[in-house]
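The values are calculated or read from the model by the stated rules, or taken from the named source; none is laboratory data. Computed from a predicted structure; not experimentally measured. All Cβ positions, glycine included, derive from the backbone under ideal geometry; neighbour counts span all protein chains shown. Ligands, DNA and RNA are excluded from the accessible area calculation, which covers all protein heavy atoms including side chains. Shrake-Rupley method; radii C 1.70, N 1.55, O 1.52, S 1.80 Å.
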Amino acid sequence: MYSLTIYIPSYNRSEYLSRTLSNLSASIEKFGLESDVCIVVSDNCSEDSGYSDIVHDYSSKSYFSYVRQTVNIGLAANINFGFSSLNFEYIWVLSDDDSLELSFVPKLISYIRDGKFDHFYIRSSITGDFRCDEVHGDALSDSRAILETYSSFAMLGLISANIYSKRICEYSSIGYDLSWTLFPHVAMFLKMLDETRYVKSKILGSKENKLIWDGRRRSYSPRNAYAGMMRLGGELNPENRKVFLNTLLDDFGRSHVVNLFFSDKLFRFHFIDSFGYSALFKLFVKVVSGKLKIG
């Protein structure tokens, strides 16, 4: 079995996928990782003819596999397909259009072989990145520490920034149950955190080695995504729910939470349903006191 499975769900973006595969294959071969790393592409029944060229170009590589869904099963289901259908030791679900530096991969493989970590976070150029700099190189092994370190949206929400062990993925059914939130991988991870305090996570990368996400190409509704994250937070036990909400407000409250609360009914419903009216009152107090400014 390969130490690391890079799983790429893709739909109608062969141009971006081709670029990503080119970078990945070059790095795998440069570092001699053909027996350690494999790539699996799940084509969500694309109408883009460029995928046939990709299959032609990469099918001869031993570490490359291609799956084509017979119908478009949706983004979240295509993400979940990798967790539930593949045989892997560690899985990295990578967006087909993310740009990244892969010089850290050999070090990642050495960590995987040691078997000490359940989760890896790849430093990304997203708001909230300063949290990574503060603890760079350290291992996190407590639910509270993990929730306080990884901002709810900018880090765990960015699926390409997370690498999961098979043990965490035992909770992939939770992702299916909450797949409408667009964050099935977060649901799975939060469930693991909620049931045990011995999850060990490690941050990878430096200022030179990071994942770059271009939000201009997002293919989802931000309003539904934030409402979904409220729903996920409500799945946590009371102690973790409080930590989750405080981290969420500190990280994205200034520019998103307050505005969304007043503009979106679905968001309001899940905020109150998950955290209660007391959390709403505290949010109001923070805004009035100036501790949480509307961006």
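Brief remarks on what is shown
- Single residue of Ser84, Ser95, Ser35, Ser42 found to be closer than 27 Å to Arg167 by Cβ, open to solvent by less than 10 Å² (accessible area, probe 1.4 Å), hydroxyl-bearing (Ser, Thr, Tyr) and touching a residue at least 24 places away in the same chain (Cβ under 8 Å): Ser42
- Restricting segment 173-188 to residues that are within 19 Å of Leu147 (Cα to Cα) and among the small types (Gly, Ala, Ser), the residue that is surrounded by the most Cβ atoms within 10 Å (Cβ to Cβ): Ala187
- Looking across segment 6-32, the residues that are open to solvent by 20 Å² or more (accessible area, probe 1.4 Å) and of a type in the set (A, V, I, L, M, F, W, C) come down to Ala26, Phe31.
- Look at segment 52-81: where a residue is closer than 15 Å to Leu94 by Cα and a partner is in a helix (DSSP H, G or I) and hydrophobic (A, V, I, L, M, F, W, C), sitting 6+ places away or on another chain with Cβ atoms under 6 Å, you get Tyr66/Val55.
- Residue under evaluation Tyr220, criteria (1) surrounded by 15 or more Cβ atoms within 10 Å (Cβ to Cβ); (2) modelled with pLDDT under 70; (3) part of a loop (DSSP other than H, G, I, E, B), criterion not met: (1)
- Verdict on Val67 being touching a helix residue (DSSP H, G or I) at 6+ places or on another chain (Cβ under 9 Å), surrounded by 22 or more Cβ atoms within 10 Å (Cβ to Cβ) and not hydroxyl-bearing (Ser, Thr, Tyr): no
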